[in-house]
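The values are calculated or read from the model by the stated rules, or taken from the named source; none is laboratory data. Note that the structure is predicted; figures quoted are calculated from it, not measured. In this analysis, Cβ positions are derived from the backbone assuming ideal geometry, glycine residues included, and neighbour counts consider all displayed protein chains. For the accessible areas, the whole protein counts, side chains as well, though only heavy atoms, and no ligand, DNA or RNA atoms are used. Shrake-Rupley method; radii C 1.70, N 1.55, O 1.52, S 1.80 Å.
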Amino acid sequence: HDIDRITQYHLEPINISFQTMNPELRCKMLHNRFAGDALKKVDRLYEAGIHMNGQIVLCKGWNDGKELEYSISKLEHYMPVLESVSVVPVGLTKYREGLEQLAPFTKEDACEVIDLIEKWQRVFYEKYGIYERRNVKWKIYFSVISLLIRNLLLCHNSSTSVISPFLPDLADED
């Protein structure tokens with residue numbers, strides 16, 4: 001099994017597409033009745049100390065809002081072995097025939113997502129901050145890599161653009 005080899009040879013970091021920590025929703029989103037069970041493999045990686053990076057592809061009306069809040073709160077269990085989680089919007093193209101209908105995020109939606117993520121960034125930074133592993137300083141934060149809504153936009157009451165992480169001043173720390 002792949003998980004056995006990863007843990008035996010300590011292959012890391014492993015990049016994981018979480019999408020949601022809700023097993024039932026994960027099955028529905030991925031159209032795979034076994035997708036919820038895959039989260040048990042994350043437990044095995046965590047128990048073996050395998051460093052991970054995660055991603056949540058955000059789908060409006062599916063895994064945003066309360067579901068995103070739930071997922072982020074559940075992902076804390078894996079920190080600091082889980083070094084980062086990026087939250088990115090689903091890419092919508094004209095090639096969606098036969099797929100679930102998805103709506104694009106509005107500017108207001110993006111602001112809500114960013115506010116939620118920034119709230120959790122503060123919590124995680126206070127709890128975990130920056131730590132060293134193999135003489136490299138790592139940051140634990142959730143970031144919105146991009147919310148491409150017509151154009152790159154700035155959020156209300158925010159001096160940073162959507163693609164900026166919450167703690168940009170830490171990038172220059174030694």
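Looking at segment 33-137, the strands (runs of 3 or more DSSP E) lying wholly inside it that each contain 2 or more residues that are open to solvent by less than 60 Å² (accessible area, probe 1.4 Å) and touching a helix residue (DSSP H, G or I) at 6+ places or on another chain (Cβ under 9 Å) sit at 52-58, 82-89. Scan segment 1-29 for residues that are within 22 Å of ILE72 (Cα to Cα), open to solvent by less than 80 Å² (accessible area, probe 1.4 Å) and not in a loop (DSSP other than H, G, I, E, B) and the total you get is 8.
Within this structure, TYR95 fails the test of being among the hydroxyl-bearing types (Ser, Thr, Tyr), within 30 Å of TYR9 (Cβ to Cβ) and either touching a Cys at 6+ places or on another chain (Cβ under 9 Å) or without any contact (Cβ under 8 Å) to a residue 40 or more places away in the chain (or both).
Taking the criterion of being modelled with pLDDT under 95 and among the polar types (S, T, N, Q), the only residue of segment 54-72 that qualifies is GLN55.
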